[in-house]
2 protein chains.
Amino acid sequence: MTKHSPRHIRLTSHPGHGPRTSPEIHWDAPDAQHRGPIVGTTLNRAQRNVIGTHSGSYSVYRALAVAAGALDPTHRADLTNTAPTDLIGPYPQWSEPGRIVSLDPWGAAVADVFADQIAAGIDIRPTIAVTKAHIELPEIRDAIAAGRLKPDGKILLDNGSACVTKAAVEPVWWLPGVAKRFGCTETELRRILFEETGGMYPELVTRSDLEVFLPPIGGQTVYILGNPRDLANPEVPLTARVHDECNGSDVFGSDICTCRPYLTHAIEECIRGAQATEAGGLGGVGLIVYSRKEGRALGEVTKFLVYNARKRQVGGDSADKYFLRTECVAGVQDMRFQELMPDVLHWLGIRKIHRLVSMSNMKFDAMVESGIEIGERVPIPDDLIPADAKVEIEAKMAAGYFTDGRVPDGEALAAVKGRGLE
Amino acid sequence: MTKHSPRHIRLTSHPGHGPRTSPEIHWDAPDAQHRGPIVGTTLNRAQRNVIGTHSGSYSVYRALAVAAGALDPTHRADLTNTAPTDLIGPYPQWSEPGRIVSLDPWGAAVADVFADQIAAGIDIRPTIAVTKAHIELPEIRDAIAAGRLKPDGKILLDNGSACVTKAAVEPVWWLPGVAKRFGCTETELRRILFEETGGMYPELVTRSDLEVFLPPIGGQTVYILGNPRDLANPEVPLTARVHDECNGSDVFGSDICTCRPYLTHAIEECIRGAQATEAGGLGGVGLIVYSRKEGRALGEVTKFLVYNARKRQVGGDSADKYFLRTECVAGVQDMRFQELMPDVLHWLGIRKIHRLVSMSNMKFDAMVESGIEIGERVPIPDDLIPADAKVEIEAKMAAGYFTDGRVPDGEALAAVKGRGLE
């Protein structure tokens with residue numbers, strides 16, 4: 001069929017439409033060839049073996065680019081020189097049944113492991129990219145000035161830059177495995193994904209033979225301090241934080257939550273951990289995972305509605321009603337579903353996190369349940385908690401967040417108040 | 001139909017299915033009642049008058065919450081106390097034909113202007129939320145320490161916090177208007193949006209009677225320093241930056257681009273502008289618009305692939321090949337489409353930006369073309385450009401970015417080199 005032919009639009013597809021010519025996917029297969037490539041191309045329908053397409057929600061912008069005449073819809077990515085700067089894996093976790101269900105562990109290496117298929121004309125694209133960067137944060141410069149961090153010329157440079165390996169990871173959902181994580185049947189998951197989004201991707205219900213979905217959502221970014229291969233060695237001390245996006249704090253420093261202070265504290269801890277000398281060499285590794293789940297994956301509009309409801313309720317913003325206000329607006333306290341989060345850790349080969357810079361019991365539980373050993377847990381230092389963020393952190397501590405000992409009771413919670421709106 | 005009935009799944013809908021009972025939308029109507037509410041609910045199919053659903057890409061997480069049994073799919077948001085802290089508009093721009101096509105200007109005020117319909121049982125949700133916040137940035141504390149900013153107790157507090165009004169804005173696309181902006185027919189736009197996303201929302205092609213689409217993409221956040229109503233008064237000096245998301249720099253301070261330094265410089269300029277005393281009072285206003293368009297709306301995987309291709313090409317990373325490398329991988333230099341960006345400015349009633357803290361000719365052109373007058377343009381100070389970001393900024397200056405005078409020629413461009421990967 002000609003691209004964008006006005007003559008015929010196929011609204012959905014069905015398994016019975018002729019012989020299937022696209023590569024097969026065997027999700028838990030032991031190597032790339034048996035697993036098979038993920039093909040989400042829009043160039044050639046016959047090659048596709050997934051529901052959805054690449055780039056997460058940016059697929060909509062790609063479509064706009066075609067509509068505007070700026071992008072030739074037949075453009076095929078030239079992947080020259082784009083290969084990962086660092087080889088991640090393969091690790092045994094990649095093919096352990098059900099260990100990874102929401103990303104493609106081979107997604108960074110497609111140009112290498114599927115070179116034959118690409119040469120044969122199949123449009124296979126990376127769903128993961130790995131590069132090197134220098135990062136400069138004012139908080140790290142402050143830590144150097146205060147003597148808490150010392151440049152070593154390798155992990156932390158004299159100008160205050162930290163050297164990282166970083167990876168961007170797009171979501172690739174193996175629907176049978178995702179359903180299992182959430183305790184529902186695959187059929188239920190497919191139907192609910194279709195209906196609760198207002199009818200996105202009918203192939204979710206018509207194509208039970210297509211088991212992989214590239215959802216139009218944000219992905220994850222991984223920042224590694226030290227040697228990425230050390231992540232998979234449980235003997236090398238690993239300092240890690242798994243951080244969920246909060247644009248208002250991460251970028252703009254809103255004082256209603258602890259997100260940026262905890263993140264920059266974690267980066268400081270990761271640098272120190274990666275610098276740690278054992279047996280005379282650089283003996284540690286640090287990791288930050290940043291997940292695009294704004295406002296507990298409720299989105300920023302809901303988040304701001306909840307802020308207003310918290311600050312205007314009778315008695316004002318208080319820790320004892322913190323979760324209730326989110327639930328009234330959103331129907332749930334949280335939609336982040338840490339159940340999928342450990343996948344990225346298994347992609348990196350992680351077996352043990354020696355120092356986890358997080359107080360979240362949901363993150364901790366999800367990691368432990370997925371088989372990762374956790375050593376020490378590092379809470380945010382009290383002096384980094386903004387005044388207006390006490391409401392949130394105290395409410396979370398009462399609800400099961402890790403603490404050094406103190407757990408606020410009902411009376412104490414009611415006494416923790418936030419600022420009003422004016 | 002019962003929610004999630006296993007008996008029958010409707011793959012798409014057609015205009016002919018019985019009498020339409022949902023509220024009508026007349027996009028450019030002069031007032032809210034004639035315009036009609038946007039109804040993207042998944043609770044009651046008969047009420048819907050749009051394609052897609054609320055919360056942008058987070059609708060997928062909402063579906064997961066239902067699949068996991070954590071969210072009752074019949075939950076209806078309790079909007080008590082969530083109303084905007086500040087009334088934005090209505091402004092004449094809201095109903096000028098084609099002035100706003102990618103957001104709902106009434107989206108913050110639904111609980112007020114559509115109170116009757118909500119009382120009658122229609123599930124109308126805000127697509128915009130407006131709240132107050134205090135923001136604390138290390139760069140602003142540095143500006144105070146250096147004497148460049150002085151706390152005034154109102155806009156900028158003694159502790160370094162700046163007081164803002166902020167709004168989260170979800171995309172609401174009126175398809176006839178979006179098509180016109182991109183110079184294609186509505187039919188083409190609908191078909192391409194459907195096909196180039198791998199078959200998202202067949203209603204794009206089956207329901208030409210539904211003119212509004214809630215796309216599963218990220219939205220915008222607006223930060224206002226000073227009185228939001230002053231934005232609409234061209235006599236009040238307005239300092240503004242329209243910033244496109246770059247997580248690697250905005251949050252992590254990657255030194256390959258100027259994003260965070262330019263953003264924090266703009267916040268400093270906005271504070272100073274909002275503090276400006278005219279006729280004895282606080283006489284200015286500042287605005288930052290933050291748009292979720294990671295990596296020029298190509299997404300972060302593509303961005304990192306391009307970084308590798310730039311740094312590995314023959315001759316290394318150089319300004320004369322800066323755009324070429326993106327084009328080889330992505331097929332275009334940029335997918336941000338500033339054509340839709342001015343909508344948020346018109347929502348705020350803006351007629352004139354006195355100081356635009358941006359060098360982008362694409363943003364400038366889009367604003368001017370949409371009828372906004374621009375006074376001075378403020379480039380990023382040279383001392384804020386990270387060393388490895390010279391490649392990008394010089395390439396952009398040669399390609400049309402605003403400069404104070406110097407425009408690098410081909411030879412000069414070839415001489416601007418970035419760091420290698422090791």
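The values are calculated or read from the model by the stated rules, or taken from the named source; none is laboratory data. From a predicted model like this one, the values you see are computed outputs, not experimental measurements. For neighbour counting, all protein chains shown are included, and Cβ atoms are generated from backbone atoms with ideal geometry for every residue, glycine included. For the accessible areas, the whole protein counts, side chains as well, though only heavy atoms, and no ligand, DNA or RNA atoms are used. Shrake-Rupley method; radii C 1.70, N 1.55, O 1.52, S 1.80 Å.
Assorted remarks:
- Computed over chain B: relative contact order in percent, which uses C-alpha pairs under 8 Å that are six or more apart: 15
- Each semi-axis of the equivalent ellipsoid for segment A:216-310 is √(5λ) with λ an eigenvalue of the Cα gyration tensor; in descending order they amount to 32, 14, 8 Å.
- Stokes-Einstein translational diffusion, segment A:266-355 - Kirkwood Rh over all Cα pairs, 1.567 mPa s, 4 °C, in µm²/s: 80
- Cα-based radius of gyration of segment A:3-97 once divided by 2.2 N^0.38 Å, which approximates compact folds: 1.34
- With the gyration tensor restricted to C-alpha atoms of segment A:36-162, the semi-axes of the equivalent ellipsoid amount to 37, 21, 14 Å, longest first.
- Computed with a 1.4 Å probe over protein heavy atoms only, the accessible area of B:Met362 comes to about 80 Å².
- Loop-resident trypsin sites (Lys or Arg not before Pro) (DSSP state other than H, G, I, E or B) in segment A:363-422 with no more than 14 further Cβ atoms inside 10 Å of their Cβ: A:Arg406.
- Leading residue at positive end of dipole, segment B:122-175 (Cβ point charges), from B:Leu156, B:Val130, B:Pro171: B:Leu156
- Accessible surface of segment A:69-173, 1.4 Å probe: 53 percent of it comes from carbon and sulfur atoms.
- Over segment B:124-192, relative contact order from alpha-carbon pairs under 8 Å, at least 6 apart, %: 33
- Other-copy label distances relative to A:Asp86, 7 angstrom Cα-Cβ extension, nm: 4.3
- Rg over Rh [alpha-carbon atoms, Kirkwood Rh] for segment A:342-382: 0.97
- Membrane-span-like helices in chain A, defined purely by DSSP H runs whose alpha carbon atoms cover 20 Å or more axially and whose average Kyte-Doolittle hydropathy reaches -1.0, are A:259-275.
- Backbone N within segment A:226-266 under 12 Å of label point (7 Å from A:Arg419 Cα along the Cβ vector): A:254-257
- If the segment from B:Gln313 to B:Arg76 were pulled out straight at 0.36 nm per residue, it would be longer than the present Cα-Cα gap by 79.9 nm.
- Look at the stretch B:184-197: the mean tally of other chain Cβ atoms within 10 Å of its residues' Cβ atoms is 6.
- The contact residues of segment B:76-109, meaning those that lose at least 30 Å² of 1.4 Å-probe accessible area when all protein chains sit together rather than their chain alone, are B:Asp78, B:Asn81, B:Thr82, B:Thr85.
- Plainly put, the tip 7 Å out from Cα toward Cβ on A:Asn159 is 3.5 nm from that tip on each other copy, the closest given first.
- For the chain pair A and B, buried accessible area totals roughly 10800 Å², probe 1.4 Å, rounded to the nearest 100.
- Hull shadow area, averaged, chain B [alpha-carbon convex hull, nm²]: 23.6
- Note on the protein assembly as shown: percent of Cα-Cα distances in each 10 Å bin, starting at 0 and stopping at the bin with the largest distance, equals 2, 13, 24, 28, 22, 9, 1, 0.
- Protection-proxy order for peptides A:407-413, A:310-316, B:179-185, A:332-338, each taking the mean of Cβ atoms within 10 Å per residue, highest first: A:332-338, B:179-185, A:310-316, A:407-413
- Remark: label point of A:Ala115 defined 7 Å out from Cα along the Cα-Cβ vector; separations to the same position in other copies 7.0 nm, ascending.
- Net dipole in debye of segment A:60-140 [+1 Lys, Arg Cβ; -1 Asp, Glu Cβ; about Cα centre; nearest 20]: 180
- Taking the DSSP bridge list for the protein assembly as shown and keeping only pairs wholly inside it, about 65 percent are antiparallel.
- Surface composition of segment B:239-364: carbon plus sulfur atoms contribute 53% of the solvent-accessible area (1.4 Å probe, protein chains only, all chains present).
- Listed pairs B:Lys132/B:Lys311; B:Lys321/B:Lys352; A:Lys180/A:Lys293; A:Lys166/A:Lys396; A:Lys363/B:Lys293 exceeding 32 Å between Cα atoms: B:Lys132/B:Lys311; B:Lys321/B:Lys352
- Residue-normalised accessible area of chain A, expressed per residue, 1.4 Å probe, Å²: 35
- Net charge of Cβ neighbours under 11 Å - reference A:Pro342; Lys, Arg +1; Asp, Glu -1: -1
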